[in-house]
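Single-structure report; data block below.
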Amino acid sequence: MADARAGAPSDRADRVSAALLGGGYLLLCAALLTVWRDPTWADLGAALLLGVAHGIASRFSFESKGGSSVPTAPIFVASLFLVPLPLVPTVVLLGLLSGSIGTDAPGGPLRRILVPALSGWNAVGPVLVLAVLDEPPDVRWWPWYLLAFASQFVTDALVAFVRVRALGMSWRVLPRPMAWTYAVDAMLAPIGLTAVIACDGSLWAVVLASTPIGVLALLARDRAEHLEQAVAISEAFEAAIETARQDALTGIGNRRAWNEATTRAAVEFAADPLQSTVTVVMGDLDRLKQVNDTHGHEAGDDLIRAAAQVFLDVAPPGALVARLGGDEFGMLVVGTGIDASELIGAIRERMQAAPAVHGVAVSLSVGAASCPPLADVEAILAAADSLAFADKAARRIGR
């Protein structure tokens, strides 16, 4: 949501918060480097290694319906004990900036530095707490480690609150995704501390602390593949359902689609007959056998498609048109209030305007009925079918 909001025309509150938070963190890193006592190349190399590991970890996002998280907590915790504390914010900064390389973040080069940098403030609280403790890593100091952990969450929440408000969003979007992130960090952070203690403060701890990155990367990839498979199966299932309800020759609904739709309409009408209107039009194609015998079944198929098009042309929006058999068609109209006689008249007008197929005019015997006034959908189905049969008989007498 923040990315989408940031992609909009630049907003003053957005720019100010990014400048103050991101720029302030950059200045803090620079200020802490000036108080770094007894700098050594070993410490600098360790900081670079941890920064790269932090950046790699930040590229593996593990998502859930509650939010998304990255497995940077073990690397961050390890950096609190493997490099001098004044270097830790710089390690986090290196990780944030390297992790954002290649992403499609909006804005210019300066914004691409400031926005990732503002997320580094959550490192400040743990650095201050451990600076007060000033003891090598040991499990007996666990109350201090919990305090450092809590300070990280508090700082993170404050920065997130300022950013969402600056982006014009409600703070209510924060609790769920942040709770997920905090839960993941709470599970991963002890790995970093344990790795440091097990490796007696050597850089091998980085290897142990990085193992969750590989595990979560594999899980994220597996989850993405499962999602892709689920989507593919769902699309194939929906396509199969659609195909099973479609007449192969005309592309309109088939008998199965018709039966399901009329059953659903019957239930809806029975539940609320005063607020629902259902109209059924039945059509029987004339002279299909004659065209098949004279011109062949391909010509008969053309005549069937032309008849289906007549029904489609006059069907109101939302109506179902279906082929019920070889030469039988149906139209189901629910809730539009269209009179049955209007549909009959529209079909006959469209038949007269339809071009002849292999020299034979498109002609259908039709009947229609509605409920109300009839009692239910079953009654109008029978009535419309009877009226179509009577229309066919009358047309034969006329001929």
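Restricting the first member to the stretch 119-133 and to residues that are without any contact (Cβ under 8 Å) to a residue 40 or more places away in the chain, and the second to residues that are among the aromatic types (Phe, Trp, Tyr), the beta-carbon pairs closer than 7 Å and six or more apart or on different chains are VAL129/TRP144; LEU133/TRP141; LEU133/TRP144. Could you tell me whether any residue of the stretch 295-314 is crowded, with 16+ Cβ neighbours inside 10 Å, under 20 Å from VAL377 (Cβ atoms) and without any contact (Cβ under 8 Å) to a residue 60 or more places away in the chain? Checked the stretch 295-314: at least one residue is crowded, with 16+ Cβ neighbours inside 10 Å, under 20 Å from VAL377 (Cβ atoms) and without any contact (Cβ under 8 Å) to a residue 60 or more places away in the chain. Taking the numbered list (1) outside the structural domain of ALA299 (by TED's automatic domain parsing); (2) surrounded by fewer than 17 Cβ atoms within 10 Å (Cβ to Cβ) in turn, ALA217 passes all entries but (2).
Residues in the stretch 263-296 that are touching a Leu at 6+ places or on another chain (Cβ under 6 Å) and modelled with pLDDT of 85 or more: VAL280, VAL281, GLY283. Selection of the stretch 148-202 for residues being of a type in the set (Asp, Glu) and more than 21 Å from VAL132 (Cβ to Cβ) yields ASP185, ASP200.
Screening PRO212 against (1) farther than 18 Å from SER58 by Cα; (2) touching a helix residue (DSSP H, G or I) at 6+ places or on another chain (Cβ under 9 Å) leaves a single unmet condition, (1).
For every residue, the table says whether it meets (1) in a helix (DSSP H, G or I); (2) within 24 Å of SER151 (Cα to Cα); (3) touching a Leu at 6+ places or on another chain (Cβ under 9 Å); (4) of a type in the set (Ser, Thr, Tyr).
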site	(1), (2), (3), (4)
TYR182	yes, yes, no, yes
ALA186	yes, yes, no, no
GLY192	yes, yes, yes, no
VAL207	yes, no, no, no
ALA217	yes, no, no, no
ALA232	yes, no, no, no
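The condition (being in contact with a Ser or Thr (Cβ under 7 Å, 6 or more places away or on another chain) and either outside the structural domain of ILE191 (by TED's automatic domain parsing) or part of a helix (DSSP H, G or I) (or both)) is satisfied by just one residue among ARG163, ARG140: ARG163.
Looking at GLY359, GLY318, just one residue is at pLDDT below 85 and under 30 Å from ARG264 (Cα atoms), and that residue is GLY318.
When we screen VAL154, VAL139, VAL124, VAL159 for residues that are β-branched (Val, Ile, Thr), over 39 Å from the mean Cα position of the chain (by Cα) and more than 17 Å from VAL184 (Cβ to Cβ), the only hit is VAL139. The single condition among (1) farther than 23 Å from ALA13 by Cβ; (2) surrounded by 13 or more Cβ atoms within 10 Å (Cβ to Cβ) that ARG140 does not satisfy is (2). Scanning the stretch 79-100 finds one or more residues that are assigned to a loop (DSSP other than H, G, I, E, B), in the same structural domain as THR194 (by TED's automatic domain parsing) and modelled with pLDDT of 85 or more. Looking only at residues in the stretch 330-342 that are surrounded by 20 or more Cβ atoms within 10 Å (Cβ to Cβ) and free of Cβ contacts under 8 Å to residues at least 60 places away in the same chain, which one is farthest from the chain's Cα centre (by Cα)? Ranking the qualifying residues of the stretch 330-342, first place goes to MET331.
Conditions tested, residue by residue: (1) of a type in the set (Gly, Ala, Ser); (2) surrounded by fewer than 19 Cβ atoms within 10 Å (Cβ to Cβ); (3) without any contact (Cβ under 8 Å) to a residue 40 or more places away in the chain.
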{"residue": "GLU228", "(1), (2), (3)": "no, yes, yes"}
{"residue": "ALA232", "(1), (2), (3)": "yes, yes, yes"}
{"residue": "GLN246", "(1), (2), (3)": "no, yes, yes"}
{"residue": "ILE252", "(1), (2), (3)": "no, no, no"}
{"residue": "ALA257", "(1), (2), (3)": "yes, no, no"}
{"residue": "ALA270", "(1), (2), (3)": "yes, yes, no"}
{"residue": "GLN275", "(1), (2), (3)": "no, yes, yes"}
{"residue": "MET282", "(1), (2), (3)": "no, no, no"}
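Summed over the stretch 351-377, residues that are assigned to a helix (DSSP H, G or I) and buried (at least 17 other Cβ atoms within 10 Å of the Cβ) total 2.
Restricting attention to the stretch 288-328, the residues that are basic (Lys, Arg) and assigned to a helix (DSSP H, G or I) total 2.
Residues that are over 30 Å from GLY359 (Cβ atoms), among the small types (Gly, Ala, Ser) and in the same structural domain as PRO373 (by TED's automatic domain parsing) do not occur anywhere in the stretch 297-307. Within the stretch 82-111, the set of residues being more than 18 Å from VAL52 (Cα to Cα) and surrounded by fewer than 18 Cβ atoms within 10 Å (Cβ to Cβ) comprises ASP104, ALA105, PRO106, GLY107, GLY108, PRO109, LEU110.
The values are calculated or read from the model by the stated rules, or taken from the named source; none is laboratory data. These figures come from a predicted structure and were not determined experimentally. Backbone-built Cβ (ideal geometry, glycine too); neighbour counts: all protein chains shown.
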